[in-house]
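Peer 1: Below are the structure tokens for one structure; questions will follow.
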Amino acid sequence: MAQKVILDVDTGGDDAVAILLAGHHPATELAAVTVTHGNAPLVVTLDNTLKCVEHGGLRDVPVYAGAERPFIADPAPLDPVQNRSLPLPAPTLRPQPGHAVDFLIDYYMGPDGPGTILVPTAPQTNIALALLKEPRLAQRIPRIVTMAGAYLEGNVTPSAEFNIFADPEAARIVFNSGIPITMVGLEVTAQALVTLDDATKLKALNTVQAKVAAEEIRAEVQWFMDTLGWTGGQIYDACAVAAVIDPGLLETKPVRVEIELTGQHTRGRTVADLSGYQKKQPNVDVGVKIDRARFMRVLFEGMGRGE
Ligand code: RIB
Ligand code: CA
């Protein structure tokens with residue numbers, strides 16, 4: 001029986017790979033995609049998401065438009081590699097009627113809710129708004145597996161990872177909700193680097209999803225190579241989906257994680273008490289290690305699956 005998932009995205013390239021993996025891997029059933037601001041303004045992330053589902057072989061997956069801006073934060077600085085329109089034909093698909101937050105509430109208060117893992121790969125504004133509007137969601141969402149955070153170094157500031165930095169107030173609501181959370185942060189996404197050679201091999205699978213994913217991976221990897229001199233790139237959001245597909249590929253540790261809201265240099269930090277010396281109740285299963293070989297196997301399984 002495939003695991004039902006809902007992705008909450010700010011499509012950019014790595015979100016697109018995550019959507020394609022969740023939608024095509026036999027171990028997962030992509031029930032819906034909700035969209036928010038983040039990598040780009042909502043109008044761009046929504047258009048990119050519609051392009052991805054339409055041209056990636058997932059036309060039947062419903063897409064809902066959500067929050068256009070963070071709770072309080074000013075919109076985060078946008079990185080040109082992510083703030084772009086995916087190089088795919090304009091979508092003919094339209095988003096579903098209604099707001100993503102209302103969809104999340106109706107879905108999780110309904111019969112399929114408790115069996116559906118929520119996978120935010122974006123600023124967590126939609127999730128937090130839904131929890132504020134319908135607090136009973138905290139007892140209905142079985143687990144959140146999120147690409148977010150970092151307990152060592154951030155990627156927007158030395159302290160903060162983008163998805164948290166973009167809306168720290170929302171992240172605090174989610175991390176304090178009591179919902180079981182698996183945090184797939186930068187420490188593990190950096191252990192699962194993908195290379196241009198991997199992108200070439202993925203494209204050779206010649207499935208509709210592989211062709212779309214390979215181009216997005218190529219663009220992301222090229223940025224890491226050109227900007228940081230790395231030999232591969234982080235396909236951040238795909239790691240979160242892979243952790244749902246094959247939980248054993250991610251080693252986690254139960255940790256108390258607080259979201260910093262006020263520090264001049266630390267706002268948006270996931271402050272993780274890894275040693276547990278504060279003796280506070282852990283609220284997050286923090287990813288500390290990822291098995292790159294198992295991640296790559298999951299990625300090729302999903303991209304290679306024919307229709
Ligand atoms: O920090 C990486 C995260 O920020 C990824 O989800 C990427 O898509 C951007 O949203
Ligand atoms: Ca994202």
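Peer 1: Under 30 Å from Pro111 (Cα atoms) and either modelled with pLDDT of 95 or more or surrounded by 24 or more Cβ atoms within 10 Å (Cβ to Cβ) (or both) - does that describe any residue in segment 148-156?
Peer 2: yes
Peer 1: Also, quick follow-up: Being touching a Phe, Trp or Tyr at 6+ places or on another chain (Cβ under 7 Å), of a type in the set (A, V, I, L, M) and buried (at least 21 other Cβ atoms within 10 Å of the Cβ) is the filter here, so list the residues in segment 247-274 that pass it.
Peer 2: Listed by number, the residues that qualify are Leu249, Val257, Ile259, Ala272.
Peer 1: Can I ask one more? From Val194, Val174, grab the single residue that is at pLDDT 95 or above, closer than 15 Å to Glu258 by Cα and surrounded by 20 or more Cβ atoms within 10 Å (Cβ to Cβ).
Peer 2: On inspection, the qualifying residue turns out to be Val174.
Peer 1: Name the pairs: first residue in segment 135-162 and under 19 Å from Ile173 (Cβ atoms), second residue among the aromatic types (Phe, Trp, Tyr), Cβ to Cβ under 7 Å, at least 6 apart or on different chains?
Peer 2: Leu137/Tyr108; Arg140/Tyr108; Ile141/Tyr108; Met147/Tyr236
Peer 1: Please state which one of Leu88, Leu93, Leu131, Leu78 is over 22 Å from Gly23 (Cβ atoms) and away from ligand 2 (no atom under 16 Å from the Cβ).
Peer 2: Just one listed residue meets the conditions, Leu131.
Peer 1: Name the pairs whose Cβ atoms lie under 6 Å apart, with the first residue in segment 1-23 and near ligand 2 (Cβ under 10 Å from one of its atoms) and assigned to a loop (DSSP other than H, G, I, E, B), the second modelled with pLDDT under 95 and of a type outside the set (Gly, Ala, Ser), and 6 or more positions between them or separate chains?
Peer 2: From segment 1-23, the pairs are Gly12/Gln82.
Peer 1: Turning to a different aspect of this structure: For Ala171, state whether it is within 17 Å of the chain's Cα centre (by Cα) and farther than 15 Å from Ile290 by Cβ.
Peer 2: yes
Peer 1: Then there's this: Would you mind stating whether Leu30 is away from ligand 1 (no atom under 16 Å from the Cβ), assigned to a strand (DSSP E or B) and either among the hydrophobic types (A, V, I, L, M, F, W, C) or out of contact with any Leu (no Cβ under 7 Å at 6 or more places or on another chain) (or both)?
Peer 2: Yes: the conditions hold for Leu30.
Peer 1: While we're on this one: Looking only at segment 67-85, decide whether some residue is under 25 Å from Ala242 (Cβ atoms), surrounded by fewer than 21 Cβ atoms within 10 Å (Cβ to Cβ) and at pLDDT 95 or above.
Peer 2: No, there is no match, as no residue in segment 67-85 is under 25 Å from Ala242 (Cβ atoms), surrounded by fewer than 21 Cβ atoms within 10 Å (Cβ to Cβ) and at pLDDT 95 or above.
Peer 1: Which condition number in (1) basic (Lys, Arg); (2) at pLDDT 95 or above; (3) part of a loop (DSSP other than H, G, I, E, B) is the one that Lys253 fails?
Peer 2: The number of the failed condition is (3).
Peer 1: Across segment 207-233, what is the number of residues that are out of contact with any helix residue (DSSP H, G or I) (no Cβ under 9 Å at 6 or more places or on another chain) and not in a helix (DSSP H, G or I)?
Peer 2: 1
Peer 1: Condition check: out of contact with any Leu (no Cβ under 6 Å at 6 or more places or on another chain), crowded, with 17+ Cβ neighbours inside 10 Å and of a type in the set (Gly, Ala, Ser). Does Gly229 satisfy that?
Peer 2: Considered against the rule, which asks whether it is out of contact with any Leu (no Cβ under 6 Å at 6 or more places or on another chain), crowded, with 17+ Cβ neighbours inside 10 Å and of a type in the set (Gly, Ala, Ser), Gly229 comes out as no.
Peer 1: Over 17 Å from Ile217 (Cβ atoms) and either part of a helix (DSSP H, G or I) or among the hydrophobic types (A, V, I, L, M, F, W, C) (or both): does that describe Arg267?
Peer 2: no
The values are calculated or read from the model by the stated rules, or taken from the named source; none is laboratory data. Since we're looking at a predicted model, the values are computed, not measured. As a convention, Cβ positions derive from the backbone with ideal geometry for all residues, glycine included, and neighbour counts pool all protein chains shown.
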